[in-house]
Amino acid sequence: MKHLLSATTGLALLISADTALANRVFVTNERSNDVTVIDGETFEVIGTYPVGNRPRGITISPDGSELYVCVSDDNLVRVFDPNTMEELHTLPSGPDPELFVLHPSGNPLFIANEDDNIVTVVDTETHQMLAEVPVGVEPEGMGVSPDGAVVINTSETTNMAHFIDTETYEITANVLVDSRPRFAQYTADGSKLYVTSEIGGTVSVIDPATQQITKKISFEIPGVLPEAIQPVGARVTSDGSKLFVALGPANRVAVVDAETDEVIDYLLVGQRVWQLAFSPDEKWLYTTNGNSNDVSIIDVEANEVVRSVQVGQQPWGVVVAPD
Amino acid sequence: MLKGIMGLLAGTVALAQPAAAQTQDPVLIRAAVLRVDDPGLPPISRLDLPPEDLGFAGARLAIEDNDTTGRFMGQDFEATEVAASPDTAAAEMAKLLEDGMEFIVVLADDAVTLELADQVGDQAMLLNARARGDNLRGKDCRFNTIHVAPSRAMLADGLTQFLMWKNWPRWFLIHGSHPEDLAMAEAYRNAANKFGARIVEEREYEDTGGARRTDSGHVQVQAQMPVFTQRAADHDIVITADEADVFAAYMPYLTWDPRPVAGSAGLVPRSWHPAMEAWGGTQFQNRFESLADRQIREDDYQTWLALRIIGEAATRTQSGDPEVLKKFILSPEFDVAGFKGQALTVRDWDHQVRQPILLTTGVVTTSVSPQDQYLHQTSQLDTLGVDRPETQCQFQEAS
């Protein structure tokens, strides 16, 4: 029944393929093995498309022509045409790819291989594997500096942020952070690096120049057990004014003043909020809520949750097509 | 250490070396795993037969994990594996101490664990990865011992919180006749008191020996279990305390009244289970299974966690000095992640590792305790097991 539904909606999408690709929101559903596509204008679900086994990390090329999905249990990255959701080709990813980050130029792709303690570097044009970088145990979070010179990988059991030189593929620094680091996010000007720690319950603010931790942001929510506050996804506005942090089973997104790195507000979203993505104009922030199977939409200016949209089973990652 | 990765590399792929690899020799951090095998009867189910590498496989994974991190820290980890019998345990321990081993993970029953702890004295830190005895955390506590395995009280409390949430407070408690069964029954009585359940009927299933695994064993069992459980006072659930593995596995579906079974069979409280997938558990299971070629057991998880405690202390203190590590593990600053969704810490009053308890059936994790409604002023995990005000532990010396 589901497949039939996907096929029908797929047809509908094909017909309207040329209109308003921009702002389409793509959500990976880890359990139902598909991607839900949401219209970024109307917030309506456009369709649901099977993509392979255990899809988690998802990203899109800077020109919006290729959608990349880590299909962890297929041990590869599948590349889709975001207009039609047809599979274009696959990329060798190494085993159990979880999260990845694209170089700002669109090439190469840096992939965290969770089971094998390596980061795989793949050329998105030639589809060749360029390097494998040994990192700590359970690599997960991947971030890239705005100039593309440094890729950050966080390893969940080793508890480090590894700085990887994108020219030499060598690790140039390791920063020890709190338990189970999940995500790494640079500010747009490259002056700060945020690393979330799920079990540690903190966000480390790192000076990329010195690789020193300058501050640790911690969270306190009345009525929520401290153990439930588990920072995972994080996104910072391009003007560097606001940082949003998904707090997992606390079912909140924290709003942080990114100038002072002080928490301003907590927004109630769906259950087990995992990853975040801005719309291209940064008016909206989309959150994946793994346990309530929905996406919350936050008004970035107003710090308000305006909508929730039902998606597939256990939504994990989210990306929005560029303008 | 890089062998696995090298093997994967194609000719055109460059191997990136970690630049932080130390130029001088890495600091070696040694530990031992001493497993004391009880030559008792085989388990009721052949699925429960202990694998040769029980516990040791968990140690190997922990050393791999520690070494991967150690590569960036200039630290190298090692675990010596020793299998002994109750008769040879003391001699094997003496050898380890003579060898200067300062961290010893012990997989043994309550009595042997206590004897070994006394033998070790202040020469080493002992990490208990099997014994569940509440006495070891109470009147027989030893300062040199960290209890990585949960206590019987924690297991009983974890199950009881769930049964109270389920509104099944009337229990028919059936325990075996071995000392460990009686100890588990006592833990259930305490848990019932603590959380307001009532034991409406209690019976002992005496171990009289017998050919339980013969061809016709199940025929006997099918007749015996209903008879044994008939005419009990009205109850919501049958709680079994059968650590000796004599009868509980046969209980589900053979009780006189149609009631669910929990405890040693049915819904079982555990430290870990191979079906656990939450909180990154999937990748931990994957790593273990590709290393050991079998599913994980609680002894493996507990041994893994014991050695990860040492590894985590070495990472955080950036030291290989055993004295520095021991001090840090016992300090309030210490915590370690164990795929249970929150930081695991050490209780200062009895050196028990605080941890959630999984409630599992054969194939899934049904729930994880503590249950949300049981709150605590310091840590919700302290609703499981013996809390500070109730402890009977008085450490002899606080060196």
Can you pull out the residues in region B:328-379 that are in contact with a Gly (Cβ under 9 Å, 6 or more places away or on another chain), under 29 Å from B:M125 (Cα atoms) and of a type in the set (A, V, I, L, M)? B:V336, B:A337, B:A343, B:L344, B:V353, B:I357, B:L358
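Here's the yes/no breakdown for (1) touching a helix residue (DSSP H, G or I) at 6+ places or on another chain (Cβ under 8 Å); (2) touching a residue at least 12 places away in the same chain (Cβ under 8 Å); (3) of a type in the set (K, R); (4) under 28 Å from B:R287 (Cβ atoms):
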{"position": "A:L76", "(1), (2), (3), (4)": "no, yes, no, yes"}
{"position": "A:N83", "(1), (2), (3), (4)": "yes, yes, no, no"}
{"position": "A:L91", "(1), (2), (3), (4)": "no, yes, no, yes"}
{"position": "A:L99", "(1), (2), (3), (4)": "no, yes, no, yes"}
{"position": "A:E114", "(1), (2), (3), (4)": "yes, yes, no, yes"}
{"position": "A:A131", "(1), (2), (3), (4)": "no, yes, no, yes"}
{"position": "A:E140", "(1), (2), (3), (4)": "no, yes, no, yes"}
{"position": "A:P146", "(1), (2), (3), (4)": "no, yes, no, no"}
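Taking the residues in region A:54-109 that are in contact with a Cys (Cβ under 8 Å, 6 or more places away or on another chain) and hydrophobic (A, V, I, L, M, F, W, C) as candidates, determine which candidate is farthest from A:A277 (Cα to Cα). Let's see the steps before the verdict.
Looking only at region A:54-109, we keep the residues that are in contact with a Cys (Cβ under 8 Å, 6 or more places away or on another chain), and these are A:55-58, A:77, A:93, A:97-100.
Checking which are hydrophobic (A, V, I, L, M, F, W, C) leaves us with A:58, A:77, A:99-100.
Values: A:I58: 11, A:V77: 20, A:L99: 14, A:F100: 14 Å.
Only one residue fits best here, namely A:V77.
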Mind checking which residues of region A:117-136 are surrounded by fewer than 24 Cβ atoms within 10 Å (Cβ to Cβ) and not in a strand (DSSP E or B)? A:D123, A:T124, A:E125, A:T126, A:H127, A:Q128
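Select from region B:135-160 the residues that are outside any loop (DSSP other than H, G, I, E, B) and among the polar types (S, T, N, Q) and write down the one among them that is surrounded by the fewest Cβ atoms within 10 Å (Cβ to Cβ).
Within region B:135-160, the first condition is being outside any loop (DSSP other than H, G, I, E, B), and the residues that meet it are B:135-137, B:145-147, B:152-160.
In the following step, the residues that additionally are among the polar types (S, T, N, Q) were identified as B:135, B:145, B:160.
Working: B:N135: 17, B:T145: 25, B:T160: 30.
The qualifying residue surrounded by the fewest Cβ atoms within 10 Å (Cβ to Cβ) is B:N135.
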Determine whether A:S179 is out of contact with any helix residue (DSSP H, G or I) (no Cβ under 6 Å at 6 or more places or on another chain), within 18 Å of B:R316 (Cα to Cα) and polar (S, T, N, Q). yes
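In region A:193-216, what count of residues is obtained for those that are in a loop (DSSP other than H, G, I, E, B) and closer than 20 Å to A:R272 by Cβ?
Kept after step one, since they are in a loop (DSSP other than H, G, I, E, B), are these residues of region A:193-216: A:198-201, A:208-211.
From the residues that got through so far, the ones that are closer than 20 Å to A:R272 by Cβ too are A:198-201.
The qualifying residues number 4.
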Anything in region A:163-172 that is facing chain B (nearest Cβ under 7 Å), surrounded by fewer than 23 Cβ atoms within 10 Å (Cβ to Cβ) and either part of a strand (DSSP E or B) or among the hydrophobic types (A, V, I, L, M, F, W, C) (or both)? List them, or say none. A:T172
Residues of region B:376-386 satisfying the condition of being under 17 Å from B:N193 (Cα atoms) and without any contact (Cβ under 8 Å) to a residue 60 or more places away in the chain: B:D382
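Restricting attention to region B:77-134, which residues are of a type in the set (D, E) and not in a loop (DSSP other than H, G, I, E, B)?
Step one: of region B:77-134, the residues of a type in the set (D, E) are B:78, B:81, B:87, B:92, B:98-99, B:102, B:109-110, B:115, B:118, B:122, B:134.
Once the filter is applied, which keeps residues that are of a type in the set (D, E) and not in a loop (DSSP other than H, G, I, E, B), region B:77-134 yields B:E78, B:E81, B:E92, B:E98, B:D110, B:E115, B:D118, B:D134.
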Residue match in region B:338-360 (condition: of a type outside the set (K, R), under 23 Å from B:A131 (Cα atoms), free of Cβ contacts under 8 Å to residues at least 12 places away in the same chain and assigned by TED's automatic domain parsing to the domain that holds B:I104): yes
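Suppose we keep only residues that are of a type in the set (A, V, I, L, M, F, W, C) and surrounded by fewer than 23 Cβ atoms within 10 Å (Cβ to Cβ) within region B:26-60. Which one would you say is farthest from the chain's Cα centre (by Cα)? Reasoning before the result, please.
Here is the first cut: in region B:26-60, the ones of a type in the set (A, V, I, L, M, F, W, C) are B:27-29, B:31-34, B:36, B:41, B:44, B:47, B:49, B:54, B:56-57, B:59.
Narrowing the set further to residues that are surrounded by fewer than 23 Cβ atoms within 10 Å (Cβ to Cβ) leaves B:27-28, B:41, B:44, B:47, B:49, B:54, B:56.
On the way: B:V27: 29, B:L28: 27, B:L41: 21, B:I44: 20, B:L47: 19, B:L49: 17, B:L54: 12, B:F56: 14 Å.
By that ranking, first place goes to B:V27.
Report, by residue number, each residue of region A:293-316 that is surrounded by 17 or more Cβ atoms within 10 Å (Cβ to Cβ) and either among the β-branched types (V, I, T) or in a loop (DSSP other than H, G, I, E, B) (or both).
A:N293, A:V295, A:I297, A:I298, A:V300, A:V305, A:V309, A:V311, A:G312, A:Q314
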Exactly one of (1) out of contact with any helix residue (DSSP H, G or I) (no Cβ under 7 Å at 6 or more places or on another chain); (2) of a type in the set (D, E, K, R); (3) within 26 Å of B:P39 (Cβ to Cβ) is unmet by B:D242. Its number? (1)
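Residue-wise test of (1) of a type outside the set (D, E); (2) in contact with a Phe, Trp or Tyr (Cβ under 7 Å, 6 or more places away or on another chain).
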| position | (1), (2) |
| --- | --- |
| A:V151 | yes, yes |
| A:T166 | yes, no |
| A:E170 | no, no |
| A:A173 | yes, yes |
| A:P181 | yes, no |
| A:G190 | yes, no |
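Select, from A:V236, A:V195, A:V144, A:V175, the only residue that is in contact with a Ser or Thr (Cβ under 8 Å, 6 or more places away or on another chain) and within 14 Å of another protein chain (Cβ to nearest Cβ).
Values: A:V236 fails: within 14 Å of another protein chain (Cβ to nearest Cβ); A:V195 fails: within 14 Å of another protein chain (Cβ to nearest Cβ); A:V144 fails: within 14 Å of another protein chain (Cβ to nearest Cβ).
So the residue among A:V236, A:V195, A:V144, A:V175 that is in contact with a Ser or Thr (Cβ under 8 Å, 6 or more places away or on another chain) and within 14 Å of another protein chain (Cβ to nearest Cβ) is A:V175.
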Filter region A:251-292 down to the residues that are in contact (Cβ under 8 Å) with a residue 60 or more places away in the chain and not in a strand (DSSP E or B), then identify the one that is farthest from A:V236 (Cα to Cα). A:G290
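Out of everything in region A:178-192 that is in a loop (DSSP other than H, G, I, E, B) and either within 14 Å of another protein chain (Cβ to nearest Cβ) or within 12 Å of A:P231 (Cβ to Cβ) (or both), what residue ends up being nearest to the chain's Cα centre (by Cα)? Walk me through it before giving the result.
Here is the first cut: in region A:178-192, the residues in a loop (DSSP other than H, G, I, E, B) are A:178-180, A:187-192.
Now narrow it down to the ones that are either within 14 Å of another protein chain (Cβ to nearest Cβ) or within 12 Å of A:P231 (Cβ to Cβ) (or both): A:178-180.
Details: A:D178: 20, A:S179: 19, A:R180: 16 Å.
In this case the residue turns out to be A:R180.
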Quick check on my filter: what residues within region B:243-295 are without any contact (Cβ under 8 Å) to a residue 60 or more places away in the chain, of a type in the set (F, W, Y) and not assigned by TED's automatic domain parsing to the domain that holds B:A183? B:F284
Looking at the structure I just gave you, is B:Q123 farther than 16 Å from B:D242 by Cβ and modelled with pLDDT of 95 or more? yes
Hits in region A:217-249 (condition: at positive phi and in a loop (DSSP other than H, G, I, E, B)): A:G223, A:G240
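The values are calculated or read from the model by the stated rules, or taken from the named source; none is laboratory data. None of the values given here were measured: they were computed from a predicted structure. Note that we place each Cβ from the backbone using ideal geometry, even for glycine, and neighbour counts take in every protein chain shown.
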